[in-house]
Amino acid sequence: MLYIVPASMVLLVLGSPASTADDFKSNCTLPFDQIAVKPDPFITCGNAGSKQNGAPLSAAAARQANAKNNLCADASAPITVDFAILTEMQAQTPAKSTLAHSRDSLHAFFPLNGTKIGEGDVARILAFILNAHTSDCEEGEDVNCETSGVAKNDMHIPLMDPTKSNPRSRPVCTSVIAEMIPHFRPATWSMIDLRTPVNNPVRVTGQLFYDDAHEACVMAGGTLVGESPQRISLWEIHPVYAIDVCSSTDPTQCDVTSNSSAVWTPYDQWVTGNLGQVQATGRSERTECGTAKH
């Protein structure tokens, strides 16, 4: 059962919060409930985020933050997507100008297998992890109340297409992004930047989210180019609901729809027995964050 600590109790224990936003709310059983850190250690930053001084975000930014923090989407029947689907979703996404007053146009707009999908649906994707690193760690981003530190910011995970040869050697502009938010984040997930599976494909499950704060890479002079952080589509798996590691290094042996424990092992279980198969892909970002003057 998920227990949410009342704001009054947080104030008594911690003093004034860093944000005037409402406490983070999750009116559901967390998708990773059994391994979640509870109570939420970052409860003082609300679903809608805030500025560093506690000032609220604009209405559009607050709606985006609420979408980023949705841990209550129906995960009972995840939709399988791939890099081609997310790229085509990018091409068919409603114009950003339509999002100024509502994100409704992002919901159920893309036809797939006799239904329509969009933001708020839970999807899963087969991929290789290019790297994993803490995001906006030195200054924090508004969804996380502009708070610095590894524990209070997202784990940013560029994913690479497993159908391509040497996927981890391909340009980062061909990646799609997964984000692990800091709220309730399992302890093992918070170390994925130092213990990144790099040889085995992974299956990442979570909410489809459209990150309209960025721009997707585009072809220019025969080369994919784009602003940092680069990606082929603004459609992300955000927040991550589950991450599993394939028992094989061959992606053709990793059926993304399989429920077999012989094929997939939850990352938190896999990593304990496979420390020789991981890399510290985000060590430099973690070090820079730790040495920065906040």
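The values are calculated or read from the model by the stated rules, or taken from the named source; none is laboratory data. Keep in mind that what you see is a predicted model, and the values were worked out from it rather than measured. Heads up, the Cβs are rebuilt from the backbone with ideal geometry, glycines too, and the neighbour counts pull from every protein chain shown.
Which strands (runs of 3 or more DSSP E) does region 64-179 wholly contain that include 1 or more residues that are of a type in the set (G, A, S) and at pLDDT 95 or above? Give the steps one after another, and end with the answer.
On the way: elements: 110-112, 115-117, 122-129, 155-160.
In region 64-179, the matching strands (runs of 3 or more DSSP E) lie at 122-129.
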(message) Conditions first: (1) in contact with a Cys (Cβ under 6 Å, 6 or more places away or on another chain); (2) at pLDDT 95 or above. S19 passes all but one, so which condition is the exception?
(response) (2)
(message) Suppose we filter region 189-217 for residues that are aliphatic (A, V, I, L, M) and either within 14 Å of E179 (Cβ to Cβ) or touching a Leu at 6+ places or on another chain (Cβ under 7 Å) (or both); how many remain?
(response) 5
(message) Any residue in region 235-250 that is in contact (Cβ under 8 Å) with a residue 60 or more places away in the chain sitting within a Cβ distance under 8 Å of a residue that is polar (S, T, N, Q) and surrounded by 24 or more Cβ atoms within 10 Å (Cβ to Cβ)? List the pairs, counting only those 6 or more apart or interchain.
(response) I237/Q207; H238/Q207; P239/N69; P239/Q207; Y241/Q207
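Condition check ((1) out of contact with any Lys or Arg (no Cβ under 6 Å at 6 or more places or on another chain); (2) part of a loop (DSSP other than H, G, I, E, B); (3) closer than 30 Å to A65 by Cβ; (4) free of Cβ contacts under 8 Å to residues at least 40 places away in the same chain) across all residues:
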position	(1), (2), (3), (4)
F184	yes, yes, yes, no
L208	yes, no, yes, no
D255	yes, yes, no, yes
D268	yes, no, yes, no
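Criterion first (within 24 Å of P182 (Cα to Cα) and buried (at least 16 other Cβ atoms within 10 Å of the Cβ)) does V122 satisfy it? I'd like the intermediate steps shown before the answer.
Details: within 24 Å of P182 (Cα to Cα): yes; buried (at least 16 other Cβ atoms within 10 Å of the Cβ): yes.
It is true that V122 is within 24 Å of P182 (Cα to Cα) and buried (at least 16 other Cβ atoms within 10 Å of the Cβ).
When the residues of region 257-266 are filtered to those that are without any contact (Cβ under 8 Å) to a residue 24 or more places away in the chain and touching a strand residue (DSSP E or B) at 6+ places or on another chain (Cβ under 9 Å), which remaining residue is surrounded by the fewest Cβ atoms within 10 Å (Cβ to Cβ)?
In the first step, residues of region 257-266 are kept if they are without any contact (Cβ under 8 Å) to a residue 24 or more places away in the chain; the result is 258-263, 265.
Those left that are additionally touching a strand residue (DSSP E or B) at 6+ places or on another chain (Cβ under 9 Å): 258, 263, 265.
Details: S258: 14, V263: 18, T265: 17.
For region 257-266, the residue satisfying everything is S258.
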(request) Could you tell me whether L224 is surrounded by fewer than 24 Cβ atoms within 10 Å (Cβ to Cβ), modelled with pLDDT of 95 or more and in a strand (DSSP E or B)? (result) yes
(request) Mind listing whichever residues of region 270-283 are surrounded by 15 or more Cβ atoms within 10 Å (Cβ to Cβ) and in a helix (DSSP H, G or I)? (result) W270, V271, Q277
(message) Let me confirm something: among A132, A220, A123, A213, which residue is free of Cβ contacts under 8 Å to residues at least 12 places away in the same chain and small (G, A, S)?
(response) A220
